[in-house]
Every structure is written in C-alpha cells, then in structure tokens.
Amino acid sequence: MFHRFFRHIKEGFIGVGRHFGMAISSASAVMITLVLIAVFVILTWNIQTVTSTIESSISIVASIDYEAESESSRSNIETAIKAIPGIDTVEFRDKDEEFTYYAEMQGEEERDFYEQYRSSNPFHDVFLVSVEDGLDIQEITSQIATINGVYGVYDGGTNTYTLVSLFANIRIFGGALVIALCLLATYLVYNTIKITIASRKDEIWIMRNVGAKNGYIRAPFLVEGVIIGGLGSLIPIILTIVLYYLMYDNLGGSLFGAFTLVEPFPFILYVALGLFVTGIGVGFIGSYISVCKYLRLRR
C-alpha cells in the first residue's frame, strides 16, 4: 500500500518534471493568486477587528421617564430590554452620573455653566445598551422605544446605520473576493492538468490496454495538481509571515495610531496554514475536475 502511495507521488513529480514550464507557469499563477488572497485575508481580518471594536463601542441610550424612576419601574424596564433578541449588555446610569459624564466632556467654561444646574439636574436616568450585531441596532432601537416608561432612545441615527452597513459590506466584499480568487486558482490548475492529460494520451492508452486500474491511472494527475498547488503556496507563505511581522513592528502595532492591528502570533500562522491548505485544496480540486472531465476510463 505504501509502496503504491509513494509510487504515485513519484509519478506526480515526474509529471511536473516533464511539463516543468507549464507546471511552473501554473504554480506561479497560483502563487500570485495566493499572495492576493493573503493580502485580502489580512486586510479583511484587521478590518473585522477594527469594525468589531467600533461596533462594540456603539451604544443605544434609553432614557427613563421621570415618573418611572422608582426601583421597581427601572427593574421592569431593564427586564423588558434584556428580553429583546440581540441584546448583549445593559448598563444602568443614574441622572447624577449622566450629569457628571456630560459636564466632564465640556471645556472649562462650559463645565462651570453646567455646574449651576446640578442641583436641579434636568438629565434622565438611562440604560446603556450594546447589541451583539451592529446591523440589528435600528430594529432594537425601535423595540426599546415601545417599552412603557422609556422617555427616548438615541443610537446615533442615520450616521450610525450607514457606518455599520459600510463595515458589513466591506466584510462581504472581502469574503467574496477571496472566494473568487480561489476559483481562479482552481481553474488554472484544472487547465494545466487538462493539457497534461492531452499530452500523455498515448501513455494512458498503453496503461489501459495492459490492465492498469482506473485509480492507478488517475492518481499521478491528482498528485501533480496537489504538487502544483503546494509549490504555489510556498512563496506566499514566506512573504506573508515576513512582511506582516515587518509591517507590525514598523507601525508599532497600530494603523494611523488609532486602529490596533492583530498581533502576529498566532494570527499569521493561521493565515500561513490557510494558504498552504488552500494551495493544496485548489490543486486537488482543479486536477480532480480535469481528470473527471477529460480522462475517460473504462470500468
């Protein structure tokens, strides 16, 4: 069994050697594709981290009616808010804390102006609500507004909805682009194996006539596709590891001094492993499709 397995591997390498120029061309195309995939995966992952941080900082502020400031009323409102699907956390802040919070956000002159109204504090008690998914913020805001005892709900309005939607679209675009690049790499391997099969038709015909099993004939082509995909992944893996470490160190771990980058370890190892598996995967799938389509074998 192992002898047969290593024989298939050997024949796969022989196939690559026979069509070295074509194999290198395909491996180079796979390499370029995987480099692009690595770039977009790293960008998408870091964007995901940044957007998750921003989305988690977006809170819905639900102010409470003056008539509903008793402990029992507040408890009922909090229970009703927590019962809404998609709620992550609910934090209570009383009117005095609200007054202090907004006063400290002002300049010194404005703060003095605020202080004269502390005794007749016009603020409301509030609940600060965070959501699990930023895309649900508008719907959850609408539901909180219907709760008895809620005076008003504030979530940032149209600007918040636009920002959250933009982040979601960026993530979708990045994922779609990675899938498209994987399909492109698969097609390149498929095309190479198709040409390899055509160039070895006489050899395949001889193997058929001497009684070689279908699996024995197919295996070298599948191995060849895996080798092409594996070779194509080596340089992208090295470039990804080295360049991301350099970028992280040179930028001090943050982008524009505001957005924190994902730490290299173990993130970059996951990306490298993903590239290797993707390279082998697209190589195998591309060669398998080509073998099934162009290598017509008898049962």
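Determine whether D88 is in the same structural domain as Y151 (by TED's automatic domain parsing), touching a residue at least 40 places away in the same chain (Cβ under 8 Å) and among the charged types (D, E, K, R). Considered against the rule, which asks whether it is in the same structural domain as Y151 (by TED's automatic domain parsing), touching a residue at least 40 places away in the same chain (Cβ under 8 Å) and among the charged types (D, E, K, R), D88 comes out as yes.
For every residue, the table says whether it meets (1) surrounded by fewer than 17 Cβ atoms within 10 Å (Cβ to Cβ); (2) among the aliphatic types (A, V, I, L, M).
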| residue | (1), (2) |
| --- | --- |
| E203 | yes, no |
| Y216 | yes, no |
| G225 | no, no |
| M247 | yes, yes |
| L269 | yes, yes |
| T278 | no, no |
| G286 | no, no |
| S290 | no, no |
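Against the numbered list (1) surrounded by 19 or more Cβ atoms within 10 Å (Cβ to Cβ); (2) assigned by TED's automatic domain parsing to the domain that holds G229; (3) modelled with pLDDT of 70 or more, I64 comes up short only at (2).
Just the residues that are touching a Phe, Trp or Tyr at 6+ places or on another chain (Cβ under 9 Å), farther than 17 Å from G281 by Cβ and assigned to a helix (DSSP H, G or I), please, taken from segment 186-218. Residues satisfying the conditions are K194, T196, I197, A198, M207, R218. Condition first: under 30 Å from L275 (Cβ atoms), in a helix (DSSP H, G or I), in contact with an Asp or Glu (Cβ under 7 Å, 6 or more places away or on another chain) and modelled with pLDDT under 85. Can you find one or more residues in segment 15-38 that meet it? Among the residues of segment 15-38, at least one is under 30 Å from L275 (Cβ atoms), in a helix (DSSP H, G or I), in contact with an Asp or Glu (Cβ under 7 Å, 6 or more places away or on another chain) and modelled with pLDDT under 85, which makes the answer yes.
I'd like to check something: does segment 170-192 contain any residue that is outside the structural domain of G279 (by TED's automatic domain parsing) and aromatic (F, W, Y)? Scanning segment 170-192, I find no residue that is outside the structural domain of G279 (by TED's automatic domain parsing) and aromatic (F, W, Y), so the answer is no.
Considering L251, L222, L243, the condition of being closer than 13 Å to V35 by Cα and of a type in the set (A, V, I, L, M) is satisfied by L243 alone.
Of all the listed residues (V153, V164, V129), the sole one being on the phi < 0 side of the Ramachandran plot and part of a helix (DSSP H, G or I) is V164.
Conditions (1) closer than 30 Å to W45 by Cβ; (2) touching a strand residue (DSSP E or B) at 6+ places or on another chain (Cβ under 9 Å), marked per residue:
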| site | (1), (2) |
| --- | --- |
| I77 | no, yes |
| I81 | no, yes |
| G86 | yes, yes |
| D94 | no, yes |
| F99 | no, no |
| Y151 | no, yes |
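Applying the criterion of being surrounded by 15 or more Cβ atoms within 10 Å (Cβ to Cβ) and among the polar types (S, T, N, Q) to the residues of segment 101-153, the residue that is farthest from L163 (Cα to Cα) is Q143.
The values are calculated or read from the model by the stated rules, or taken from the named source; none is laboratory data. Everything numeric in this text was worked out from a predicted model, so none of it was measured. As a convention, Cβ positions derive from the backbone with ideal geometry for all residues, glycine included, and neighbour counts pool all protein chains shown.
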